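First the structure, in the form of structure tokens, and then the observations on it.
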């Protein structure tokens, strides 16, 4: 199958590194004009420069805007009034004992992981509906389904994001616009290697170390290794394409079999 996104504009939030960067790069490689987003001008500029070095023919621009805040969304809309593909990738996570999660913690996670997506969907979806074509893709997590005891605020925010996706898919019913979420499993991103080597023998080569980590600490994974960001990006690229025209309101798993159920 050939994924061709020529003529489409895609905004990927939180795309200066990790999964978001991989998504931006993959969409650019498929021909989309990609908007890289982050909070600081320096990180955005660096990501755009890196992406153009990797894909010299890509059409890429950067917008530094904190989309966790309403004024940041306004800044984004001023810079990019309309998009064909919206990927809500921005998210934060961190471990904290359940009884120590404060109201401020809950609010910050909700603002970042949920409300940022809601505001952007609310802003861009009407234009997609008017055009008769569009794609909204929210990056969720296995933690949305298997709530981690060490960070329930993160898990709850990602559960809410699944509901956001399903609800807006209904709002876009019959319009040619699809809204889906992607459930990402344990992923090889920045800082993860250090985390893995805190738990397994530091003398092991990386491929062996990650498999040992998965065996001991993520045994429910059927993949038995960490997922590469590009593997998640591949699913996003498919959902962003005309090929996925009959897929909407879904929660599609790229979790390596981590979630032990047939459906989310």
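The figures follow:
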read-out	value
Candidates 35, 44, filtered to the one that is buried (at least 20 other Cβ atoms within 10 Å of the Cβ), under 19 Å from residue 233 (Cβ atoms) and in contact with a helix residue (DSSP H, G or I) (Cβ under 9 Å, 6 or more places away or on another chain)	35
Spans of strands (runs of 3 or more DSSP E) in region 1-87 with at least 2 residues touching a residue at least 40 places away in the same chain (Cβ under 8 Å) and at negative phi	9-12, 33-38
Residue 235, sole failed condition from (1) under 17 Å from residue 158 (Cβ atoms); (2) in a helix (DSSP H, G or I); (3) touching a helix residue (DSSP H, G or I) at 6+ places or on another chain (Cβ under 7 Å)	(3)
Members of region 232-262 that are closer than 20 Å to residue 217 by Cβ and surrounded by fewer than 19 Cβ atoms within 10 Å (Cβ to Cβ)	257, 260
Hits in region 1-18 - residues which are under 21 Å from residue 243 (Cβ atoms) and surrounded by 24 or more Cβ atoms within 10 Å (Cβ to Cβ)	10, 11, 12
Among residues of region 125-147, those that are touching a strand residue (DSSP E or B) at 6+ places or on another chain (Cβ under 9 Å) and either over 19 Å from residue 20 (Cα atoms) or in a strand (DSSP E or B) (or both), counted	16
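Bear in mind that the values in this text are calculations on the coordinates, not laboratory data. Because the structure is a prediction, the values reported are computed rather than measured. FYI the Cβ positions are ideal-geometry reconstructions off the backbone, even for glycines, and counts take in every protein chain you see.
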